[in-house]
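Down below is the structure, laid out as structure tokens.
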Amino acid sequence: MKNYYEQSRLEMVDFLPPTYSKVLEIGCGVGNFSVNLQSNAEVWGVEPNKQSAEIAQKLMYTVLIGKYADVEKQIPNRYFDLVICNDVIEHMDDHEYFLNSICTKISDNKYLMASVPNVRYWRLLYDYIVKKEWTYRDRGILDKTHQRFFTEKSIKRSLINHGFSIMKFRGINNMASFKQKLFVRFLISITLGYYSDIQYMEFGLLAKKIMIGTTNNK
């Protein structure tokens, strides 16, 4: 699983807001994404893998070792201009609680940036509609560690319900071959674009906090 913690996620750079000074990255791995951030930013990380966290500490202001729920109280409230959750929300036992909580860590009118796997990706639709299969794997959309699955509608709804306004949202990581892309685009065209979401493995997004979040008492 070494590469799991070392991904640089360059496809997410375009979702960064124009300005920020204090950043919190949940699930920072070894800190490779942090090199894409503004050099003068104060960058915090949260990482449950101790070995990866120790490497990330060399690149960041501070790294808290543990799952978010374990270190939540060590993270200051209304402090960060930007919280980064690259492939994180789907791993949460209770994503509703997490969104409530993370909202309290973000300053008013500041940002949450995230990537989320798309459960309506065409290969998954083919597997469970045509092949009648739903097989968990070591990584990918059906990662064994995923606790939640999202569509474009459901992740947007969750964010809006927890005090965020969507600023930027689009599909990322279309891994199909040329012939597969042609077939998928044909399906999209005959539905007049209604199924355009099926071509992407993930969604990237930037959302702005528009209200003060409240943490559930669970």
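The values are calculated or read from the model by the stated rules, or taken from the named source; none is laboratory data. Note that this is a predicted model, so its numbers are computed, not measured. Neighbour counts are summed over all protein chains in view; Cβ atoms, including those assigned to glycine, are modelled from backbone coordinates with ideal geometry. Heads up: the accessible areas ignore ligands, DNA and RNA and are worked out on the full protein's heavy atoms, side chains in. Shrake-Rupley method; radii C 1.70, N 1.55, O 1.52, S 1.80 Å.
For region 25-123, what does the alpha-carbon gyration tensor say about shape, rounded, prolate or oblate, given a ≥ b ≥ c as the root eigenvalues, a/c under 1.5 as rounded, and a/b over b/c as prolate?
Taking the square roots of the gyration eigenvalues as a ≥ b ≥ c, region 25-123 is rounded.
Ignoring ligands, DNA and RNA, please state the percent of accessible area on the chain from carbon and sulfur, probe 1.4 Å.
About 52 percent, which is the carbon plus sulfur part of the accessible surface.
Is there a pair in Lys73/Lys208; Lys110/Lys181; Lys181/Lys208 whose C-alpha atoms are over 29 Å apart, and which pairs would that be?
Lys110/Lys181; Lys181/Lys208, as the Cα separations exceed 29 Å there.
Amide H neighbours of Leu24 under 5 Å, at least 5 residues apart or on other chains, H built in the peptide plane: list them.
Trp44, Leu82, Val83, Ile84
In the chain, if the dipole is taken from +1 on Lys/Arg beta carbons and -1 on Asp/Glu beta carbons about the Cα centre, which of His146, Asn36, Ile166 is farthest to the positive end?
Ile166
Determine the relative contact order of the chain: mean sequence separation of Cα pairs under 8 Å and six or more apart, normalised by residue count, in whole percent.
Contact order relative to length: 21 percent.
Amide H of Phe150 versus every other amide H placed in the peptide plane: which residues, excluding those fewer than 5 positions away on the same chain, fall under 5 Å?
Hits under the 5 Å cutoff: Val119.
Quick one: compute the contact order of region 172-211, relative version, from alpha carbon pairs under 8 angstrom and 6+ residues apart, as a percent.
53 percent
Summing -39500 (n - 2.57) over the DSSP H runs of n ≥ 4 in the chain and dividing by its residue number, what mean residue ellipticity at 222 nm do you reach, to the nearest 500 deg cm²/dmol?
Mean residue ellipticity at 222 nm (helix-derived): -6500 deg cm²/dmol.
Let me know the shape class of region 126-218, please: from the alpha-carbon gyration tensor, a ≥ b ≥ c as square roots of the eigenvalues, rounded when a/c is under 1.5, otherwise prolate if a/b is greater than b/c, or oblate.
Oblate is the answer for region 126-218, as a/c is 1.5 or above yet b/c matches or exceeds a/b.
Restricting to lysines 8 or more places apart or on different chains, can you count the pairs in region 113-179 with Cα atoms under 21 Å from each other?
5
Any idea what the dipole of region 31-81 comes to, in debye rounded to 20, about its Cα centre with Lys/Arg Cβ at +1 and Asp/Glu Cβ at -1?
In debye, rounded to 20, region 31-81 gives about 60.
Using alpha carbons only, how many degrees (0 to 90, rounded to 10) separate the axis of helix 152-161 from the longest principal axis of the chain?
Compared with the principal axis, the helix lies near 30 degrees.
What accessible area per residue, rounded to a whole number of Å², is obtained for region 70-218 using a probe radius of 1.4 Å?
Result: 54 Å² of accessible area for each residue.
Note the angle between two axes, namely the Cα long axis of helix 95-105 and the longest principal axis of the Cα atoms of the chain, as a number of degrees from 0 to 90, rounded to the nearest 10.
Its long axis makes an angle of about 40 degrees.
State, as an integer percentage, the relative contact order of region 101-218 based on alpha-carbon contacts under 8 Å between residues 6 or more apart.
That works out to 47 percent.
By the gyration tensor of its Cα atoms, with a ≥ b ≥ c the square roots of the eigenvalues, what is the shape of the chain: rounded for a/c under 1.5, prolate for a/b over b/c, or oblate?
prolate
Each residue of region 58-68 in turn: what ³J(HN,Hα) in whole Hz from Karplus with 6.51, -1.76, 1.60 and θ = phi - 60°, glycine and Pro shown as x?
Values per residue, Gly and Pro as x: 6, 9, 10, 5, 7, 10, 8, 8, x, 6, 3 Hz.
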